[in-house]
Amino acid sequence: MNKQSNIEEVRHSLSHLLAAAVLKKYPKTKLGIGPIIENGFYYDFLFQKPISDADLADLEKEMRHLIAQKLDFKAEKITTLKAKKILAGQKFKLELIKELAKAKSPISIYRTGDVFLDLCKGPHVKNTSEINLEGFKLTHIAGAYWKGNEKNPMLTRIYGLAFATKKELDEHLKMIEEAKKRDHRKLGKELDLFHIDEKVGLGLPLWHPKGAILWRVIEDFWYKKHLENGYQLVRSPHIGNKILWETSGHWGFYNSSMYPPLEVGQTLEERQKNKKVEISEEYLLKPMNCPFHVQIYKNSPKSYRELSFRWAECGTVYRFEKKGELSGLTRVRGFTQDDAHIICRKDQVEEELKRVIDFILFIYKAFGFDIKSVNVYLSLRDPKNKEKYAGSGEGWNFTENVLRKIAREKNLSFVEQEGEAAFYGPKLDFKIKDALGREWQCSTLQFDFNLPERFDLTFINNEGKEERPYMLHRALFGSFERFIGLLIEHYAGAFPTWLAPIQAMILPISEKHSQYAENILKDLIKLGIRAEINNSNETLGKRIRAAEMQKIPYILVTGDQEIENKTVAVREREKGNRGEMSIKDFAEMIKKQIPD
RNA sequence: GCCAAAGUAGUUCAGUGGCAGAACAGUCGCUUCGUAAGCGAUAGACGUGGGUUCGAUUCCCACCUUUGGCUCCA
């Protein structure tokens, strides 16, 4: 067997060897599970005494020691009874054995020489000699709930990387180091785009001028494209009366993610002076925009002739995420959804879905994401637990099928996930990987059977009767924060010209060229180019370096020659000097780079 | 929230049970420069609160924040 094809067996075998090493050093440890993962493996343990990263080196040494003994891996099919006997004392294993027995699945164990055995269906390498001693590395430890359930005990998970050769391992480690350089949290600081300030609040980013203009450019593009695609814009406030949220159901089923109400009946001043609390009104910070859009719909009776409505809003919502879940811009507490709700007749659903998917594909293309690198998921009901969902079975069947059909028609390669639907409807999600390979949901297309019922949404059909419309939630970016975070990583901070916060940095060679540079700046701003001047008292070389490090797409050097020729000397990011150009030509070149 | 690790100038990093060190960025001078770092001076920090100690940035504890996971999610 060649080394390329058995890497998964190697990884799985290493996970067993890790467990063997752990039991040797800490014999009272209880074993969880130890599967392979992308690039490696992990194993979950319940240690008697906590261990830390510092202990990994010893375990790694012990693993190498075991490998060097050229131990055989041998499978053995056994009865439930025997399995229970062999693994007595391993409470998690016994739980798994019970489940296997209940499902009437065959039970097998794998022995590693005579030093270790584990409940396992394999496959493994035949002998540890197939494992490269230098091809693996224990990387870190982390807590992980038994069976992924928060209510279960937390085990200690040890992660390892494993490859066929040391070279591949080293290359992978190097790649991770490189990836860390494009982390949006690092680049956000280096490029002065945003920061998250403890004094303001966790998960509430502050956008610096360069970040804010980036957002503005994206948002302007978004509005333009929405109007072109038949959407209308709506707007709603950040807070809404508690009654609204009681009607929507969020008061009950979303309360674990919501900020508590603002309980008011007086101004802050009145409250401070009287030192008593008068509550006559309760407002909630909105965790989503939908109920507001629903109220716009309900403001007047609707005819079947008016449908579809496509109402879009970049609406800022607030969700009280658990502290440990917060992460840079990709997971925050206050974020702006590029939200839209489509309210339509059943016969329009298919057409509306097509339009949204086309729009999503257009957006990914415009921002340079290859749709092949975006993971698409179709989330369906849990077939075993159909009662827990809002809406009728027919409604679900129809929407699940139509989502699948349209996704196929649009050639999306998607993964179906049973049981992953929201309780209110099936959905199609698009997830983008960050620099470190973690997936983040961005675009989403969701049916909703809950709100139309709770708010009793209707339209008058062509028979003069009330009928319930279909409601779709959709976001293209998901949220501006997350999308911009991923965009920063995607471009490693080197934004294409149309997105770059500063498109051109003007560098007068010396003080005597400052006035000309100022004139150039004025002209460029008039032409809609985002430009700045750096006339600080530094050498040209140093100012070029500074602009390059800020990843500014163009540097315009202006000296005697350019004044004489009424031009600028254009230097392109990473590519160097491109020669002289008139301002008009330069502006045109930049304008051409906006996607359409 | 849970498991683990880490918090030293604006940033990136050094270091110590006894006055805290650098580079870059900043400020002030000098220099006025042709495509990735000119020279000199100057200011600036041990996350917070307890404890141990003659003395704590250093050791211990708690908290806060950050990072990697888990859970949850746009």
Exercise for the section: Please work out which residue is nearest to RNA strand B (Cβ to nearest atom), limiting yourself to segment A:58-77 and to residues that are buried (at least 18 other Cβ atoms within 10 Å of the Cβ) and of a type in the set (A, V, I, L, M). Expected result: A:L59
Problem - Leading residue by the ranking (surrounded by the fewest Cβ atoms within 10 Å (Cβ to Cβ)) among those in segment A:365-406 that are without any contact (Cβ under 8 Å) to a residue 60 or more places away in the chain and among the aromatic types (F, W, Y) - result: A:F398
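Here's the yes/no breakdown for (1) over 21 Å from A:E8 (Cα atoms); (2) under 23 Å from the mean Cα position of the chain (by Cα); (3) of a type in the set (A, V, I, L, M, F, W, C); (4) surrounded by fewer than 18 Cβ atoms within 10 Å (Cβ to Cβ):
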{"residue": "A:E130", "(1), (2), (3), (4)": "no, no, no, no"}
{"residue": "A:G135", "(1), (2), (3), (4)": "no, no, no, no"}
{"residue": "A:H140", "(1), (2), (3), (4)": "no, yes, no, yes"}
{"residue": "A:G148", "(1), (2), (3), (4)": "yes, yes, no, yes"}
{"residue": "A:L155", "(1), (2), (3), (4)": "yes, no, yes, no"}
{"residue": "A:Y159", "(1), (2), (3), (4)": "no, yes, no, no"}
{"residue": "A:A162", "(1), (2), (3), (4)": "no, no, yes, no"}
{"residue": "A:K166", "(1), (2), (3), (4)": "no, no, no, yes"}
{"residue": "A:E171", "(1), (2), (3), (4)": "no, no, no, yes"}
Handout entry: Given (1) within 7 Å of RNA strand B (Cβ to nearest atom); (2) closer than 27 Å to A:L214 by Cβ; (3) surrounded by 13 or more Cβ atoms within 10 Å (Cβ to Cβ), index of the condition A:P553 fails
Key = (1)
Handout entry: Counted residues, segment A:299-325 - those being surrounded by 13 or more Cβ atoms within 10 Å (Cβ to Cβ) and either of a type outside the set (V, I, T) or within 23 Å of A:K465 (Cα to Cα) (or both)
Key = 15
Practice task
Assess whether A:Q593 counts as being away from RNA strand B (no atom under 12 Å from the Cβ) and either of a type outside the set (F, W, Y) or loosely packed, with under 12 Cβ neighbours inside 10 Å (or both).
Solution key: yes
Problem - Pairs with Cβ under 6 Å, 6+ apart, first in segment A:414-432 and on the phi > 0 side of the Ramachandran plot, second part of a loop (DSSP other than H, G, I, E, B) and surrounded by fewer than 16 Cβ atoms within 10 Å (Cβ to Cβ) - result: A:G419/A:D382
Exercise for the section: State whether one or more residues within segment A:228-239 are assigned to a helix (DSSP H, G or I) and either surrounded by fewer than 16 Cβ atoms within 10 Å (Cβ to Cβ) or outside the structural domain of A:R355 (by TED's automatic domain parsing) (or both). Expected result: yes
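One line per residue, one yes/no per condition, for (1) at pLDDT below 90; (2) more than 14 Å from RNA strand B (Cβ to nearest atom):
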site: A:L56; (1), (2): no, no
site: A:A88; (1), (2): yes, yes
site: A:K98; (1), (2): no, yes
site: A:S129; (1), (2): no, yes
site: A:A144; (1), (2): no, no
Handout entry: Exclusive hit being touching a Ser or Thr at 6+ places or on another chain (Cβ under 8 Å), in the same structural domain as A:I141 (by TED's automatic domain parsing) and either aliphatic (A, V, I, L, M) or under 13 Å from A:I158 (Cβ atoms) (or both), set A:L81, A:L71, A:L59
Key = A:L71
Handout entry: Candidates A:R305, A:R271 - the one that is over 26 Å from A:N229 (Cβ atoms), away from RNA strand B (no atom under 16 Å from the Cβ) and over 38 Å from the mean Cα position of the chain (by Cα)
Key = A:R271
Problem - segment A:197-227 - residue that is among the β-branched types (V, I, T), surrounded by fewer than 19 Cβ atoms within 10 Å (Cβ to Cβ) and modelled with pLDDT of 95 or more and, of those, farthest from A:P595 (Cα to Cα) - result: A:I213
Exercise for the section: Name the residue, out of A:K542, A:K575, that is at pLDDT below 95, surrounded by fewer than 17 Cβ atoms within 10 Å (Cβ to Cβ) and within 12 Å of RNA strand B (Cβ to nearest atom). Expected result: A:K575
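Here is a yes/no grid of residues against (1) in contact with a helix residue (DSSP H, G or I) (Cβ under 7 Å, 6 or more places away or on another chain); (2) closer than 29 Å to A:P383 by Cα; (3) surrounded by fewer than 19 Cβ atoms within 10 Å (Cβ to Cβ):
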| residue | (1), (2), (3) |
| --- | --- |
| A:E409 | no, yes, yes |
| A:F423 | yes, yes, yes |
| A:K427 | no, yes, no |
| A:F430 | yes, yes, no |
| A:T444 | no, yes, no |
| A:N462 | no, no, yes |
| A:Y470 | yes, yes, no |
| A:R482 | no, no, no |
| A:L487 | no, no, no |
Practice task
Would you confirm whether any residue within segment A:493-501 is within 13 Å of RNA strand B (Cβ to nearest atom) and either polar (S, T, N, Q) or not in a helix (DSSP H, G or I) (or both)?
Solution key: yes
Problem - Among residues of segment A:28-44, those that are over 29 Å from the mean Cα position of the chain (by Cα) and surrounded by 13 or more Cβ atoms within 10 Å (Cβ to Cβ), counted - result: 3
Practice task
Would you point out which residue out of A:L18, A:L117 is buried (at least 21 other Cβ atoms within 10 Å of the Cβ) and either outside the structural domain of A:L155 (by TED's automatic domain parsing) or not polar (S, T, N, Q) (or both)?
Solution key: A:L18
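The values are calculated or read from the model by the stated rules, or taken from the named source; none is laboratory data. Just so you know, these numbers come straight off a predicted model, no measurement behind them. Backbone-built Cβ (ideal geometry, glycine too); neighbour counts: all protein chains shown.
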